[in-house]
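Report on one structure; see the data block that follows.
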Amino acid sequence: MSSYNYIKTDNHPIMAWTKGVPVGDEALEQLHNIATLPFIHSHIAVMPDVHWGMGATVGSVIAARKAIIPAAVGVDIGCGMMAVKTSLTSRQLPDNLQQLRSNIEQAVPHGRTGTGRPDTDEGAWSDVPERVARKWMNKPYRQGTLKQGYDEIYARNPKLGKANSVHHLGTLGSGNHFIEICLDEQDRIWAMLHSGSRGIGGRIGKYFIEMAKRDMERFFISLPDKNLAYFPEGTDHFSDYIKAVSWAQAFARLNRELMMDAVLAEMGKLFENFSVTDMAINCHHNYVAEETHFGKKVWLTRKGAVSARKDQLGIIPGSMGAKSFIVKGKGNAQSFCSCSHGAGRKMSRAQAVKQFSVADHERATKGVECRKDKGVIDETPMAYKDIDQVMAAEDDLVEIVHTLKQVVCVKG
């Protein structure tokens, strides 16, 4: 018996790993809209954390032949997770976890204030640290450096408009992005974080989504949802998008590495005999890559999904008060070798704020050193699906290697 729900449509079928997990009607409508597109390869794969997203559904894996839908990648390009296992155990944790949280918050800019400008935004560097500036200028990227790649993108797309780049490198952001200190089933301490390409990735995503919409209008192409506008392979705009999105994905990966360096440095100040192990994972869950599936090369977009090839390690986080998992992929071909990227929202941010109180949030995050104010009610655990149900629904996609539970959580 298959573990996925097979949804037959008039066009391409949908295979959804959603048994035992609620799926909203809006998300289902989006999936049916995507299924109508002529360049979809074989079927659409849907992960158990699926929910409505702008243009394309979060938790969808779309294999396209000779085309890319920018909204199927989204605006948080390269968003993903990083986790590092340390030599520390719970016995070495300080009695006052608030100090550890405070140190991390001081070391890593987070949240967003003011207009977003570096001189007014607490979530950006007002003065870029030398270690960050050095990486920005010298980090190898293709035939040059990350900074040179940035300059080439703007030279090719002058209407893109300047956005925070180096001032956001090594910073967390807001919303569902977080930094956590966790314990695994053996009481070993892990550092884990979630973020992406920040302001510059958002600018690139929005710019090309709008460009694709204009192309559809220019060539009189009718779509069930204008946000499904696409670039055909071989066109100038396709080439420009691939270059820009690939760069943003590299920026996002480096962003996580720099934050992790800062977190581990702060932990090193508080703990004795502290080292990291070789268990370290850095994976995207909002991105596009050229891959081969069912014998064909395709452009595969994972929007809220993680690559789960055979024995490949990945990270599936829960919420502020729930477990997270280090997983090993099973290489399931039907899912395009993918798995979920987290618990997935079961309600909108606005609905969560209306439905839950600070007291509700305090109960849900008991035992976790984290924000417990009305500013994070939209991120309260009850706004998310049950992570155990999500993991059960994708049992044939991944194997659980480690189960993590946070003791500290930093949110913007």
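Scan Ile44, Ile69 and give me the residue that is free of Cβ contacts under 8 Å to residues at least 40 places away in the same chain, touching a strand residue (DSSP E or B) at 6+ places or on another chain (Cβ under 8 Å) and more than 16 Å from Leu172 (Cα to Cα). So that I can check it myself, show each step before the final result.
On the way: Ile69 fails: free of Cβ contacts under 8 Å to residues at least 40 places away in the same chain.
Answer to the selection: Ile44.
Find the residue count for segment 145-164, including only residues that are surrounded by fewer than 16 Cβ atoms within 10 Å (Cβ to Cβ), part of a helix (DSSP H, G or I) and of a type in the set (Lys, Arg).
Of the residues in segment 145-164, 2 are surrounded by fewer than 16 Cβ atoms within 10 Å (Cβ to Cβ), part of a helix (DSSP H, G or I) and of a type in the set (Lys, Arg).
Which one of these does Gly170 not meet: (1) within 18 Å of Ala72 (Cα to Cα); (2) surrounded by 21 or more Cβ atoms within 10 Å (Cβ to Cβ)?
That leaves (1) as the condition not met.
Would you be able to tell me the number of residues in segment 216-245 that are assigned to a helix (DSSP H, G or I) and either surrounded by 20 or more Cβ atoms within 10 Å (Cβ to Cβ) or of a type in the set (Asp, Glu) (or both)?
Let us first name the residues in segment 216-245 that are assigned to a helix (DSSP H, G or I), namely 216-218, 226-228, 236-245.
Filter once more, keeping what is either surrounded by 20 or more Cβ atoms within 10 Å (Cβ to Cβ) or of a type in the set (Asp, Glu) (or both): 217, 228, 236, 238, 240-241, 244-245.
Number satisfying all stated conditions: 8.
Go through (1) surrounded by fewer than 24 Cβ atoms within 10 Å (Cβ to Cβ); (2) in a loop (DSSP other than H, G, I, E, B); (3) in contact (Cβ under 8 Å) with a residue 24 or more places away in the chain and name the single condition Ala56 misses.
(1)
Kindly evaluate Asp311 against the criterion of being more than 21 Å from the chain's Cα centre (by Cα) and either farther than 27 Å from Ile189 by Cα or part of a loop (DSSP other than H, G, I, E, B) (or both).
Numbers: more than 21 Å from the chain's Cα centre (by Cα): no; either farther than 27 Å from Ile189 by Cα or part of a loop (DSSP other than H, G, I, E, B) (or both): yes.
No, not satisfied.
Quick check on segment 272-281. Is at least one of its residues at pLDDT 95 or above and either in a strand (DSSP E or B) or closer than 22 Å to Ser195 by Cβ (or both)?
Narrowing segment 272-281 to residues at pLDDT 95 or above: 281.
Next, from what is left, pick out any that are either in a strand (DSSP E or B) or closer than 22 Å to Ser195 by Cβ (or both): 281.
The answer is yes, given that some residue of segment 272-281 is at pLDDT 95 or above and either in a strand (DSSP E or B) or closer than 22 Å to Ser195 by Cβ (or both).
Taking into account only those residues within segment 107-127 that are surrounded by fewer than 13 Cβ atoms within 10 Å (Cβ to Cβ) and of a type in the set (Asp, Glu), which is farthest from Leu258 (Cα to Cα)?
Out of the qualifying residues, it is Asp119.
Taking the condition of being closer than 18 Å to Glu266 by Cβ and not in a helix (DSSP H, G or I), how many residues in segment 90-117 meet it?
Counting residues in segment 90-117 that are closer than 18 Å to Glu266 by Cβ and not in a helix (DSSP H, G or I) gives 8.
Please list, ordered by first then second residue, the pairs with beta carbon atoms under 7 Å, 6 or more apart or interchain, first in segment 390-407 and buried (at least 17 other Cβ atoms within 10 Å of the Cβ), second in a helix (DSSP H, G or I).
Leu397/Ser335; Val407/Leu97
Residues are listed down the side, and each one gets a yes or a no for (1) over 21 Å from the mean Cα position of the chain (by Cα); (2) assigned to a loop (DSSP other than H, G, I, E, B); (3) farther than 19 Å from Ser195 by Cβ:
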residue: Lys366; (1), (2), (3): yes, yes, yes
residue: Lys372; (1), (2), (3): yes, yes, yes
residue: Ile377; (1), (2), (3): no, no, yes
residue: Met382; (1), (2), (3): no, no, yes
residue: Gln389; (1), (2), (3): no, no, yes
residue: Asp396; (1), (2), (3): yes, yes, yes
residue: Ile400; (1), (2), (3): no, no, yes
residue: Gln406; (1), (2), (3): no, no, no
residue: Val410; (1), (2), (3): no, no, no
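Looking at segment 247-294, which of the residues that are under 16 Å from Thr86 (Cβ atoms) and β-branched (Val, Ile, Thr) is surrounded by the most Cβ atoms within 10 Å (Cβ to Cβ)?
Here the answer is Val263.
Taking the condition farther than 24 Å from Ala72 by Cβ, surrounded by 13 or more Cβ atoms within 10 Å (Cβ to Cβ) and out of contact with any Leu (no Cβ under 9 Å at 6 or more places or on another chain), does Glu130 pass? Spell out how you get there, then give the answer.
On the way: farther than 24 Å from Ala72 by Cβ: yes; surrounded by 13 or more Cβ atoms within 10 Å (Cβ to Cβ): no; out of contact with any Leu (no Cβ under 9 Å at 6 or more places or on another chain): yes.
No; evaluated as a whole, the condition is false for this residue.
From the list Ala83, Ala72, exactly one residue is assigned to a helix (DSSP H, G or I), of a type in the set (Gly, Ala, Ser) and out of contact with any Pro (no Cβ under 6 Å at 6 or more places or on another chain). Which is it?
Ala72
Taking segment 1-38 only, how many residues are within 22 Å of Ile221 (Cα to Cα), hydroxyl-bearing (Ser, Thr, Tyr) and modelled with pLDDT under 95?
Kept after step one, since they are within 22 Å of Ile221 (Cα to Cα), are these residues of segment 1-38: 9-12, 29-38.
Now restrict to residues that are hydroxyl-bearing (Ser, Thr, Tyr): 9, 36.
Subset that is modelled with pLDDT under 95: 9.
Count: 1.
Surrounded by fewer than 23 Cβ atoms within 10 Å (Cβ to Cβ), touching a residue at least 12 places away in the same chain (Cβ under 8 Å) and among the charged types (D, E, K, R): does that describe Arg142?
Working: surrounded by fewer than 23 Cβ atoms within 10 Å (Cβ to Cβ): yes; touching a residue at least 12 places away in the same chain (Cβ under 8 Å): no; among the charged types (D, E, K, R): yes.
Criteria not met by Arg142.
I'd like to verify a number: residues in segment 316-362 that are under 22 Å from Val408 (Cα atoms), of a type in the set (A, V, I, L, M) and in a loop (DSSP other than H, G, I, E, B), how many?
3
The values are calculated or read from the model by the stated rules, or taken from the named source; none is laboratory data. Nothing here was measured: the structure is a model prediction, and the numbers come from that model. Virtual Cβ from ideal backbone geometry, glycine too; neighbours counted across all protein chains shown.
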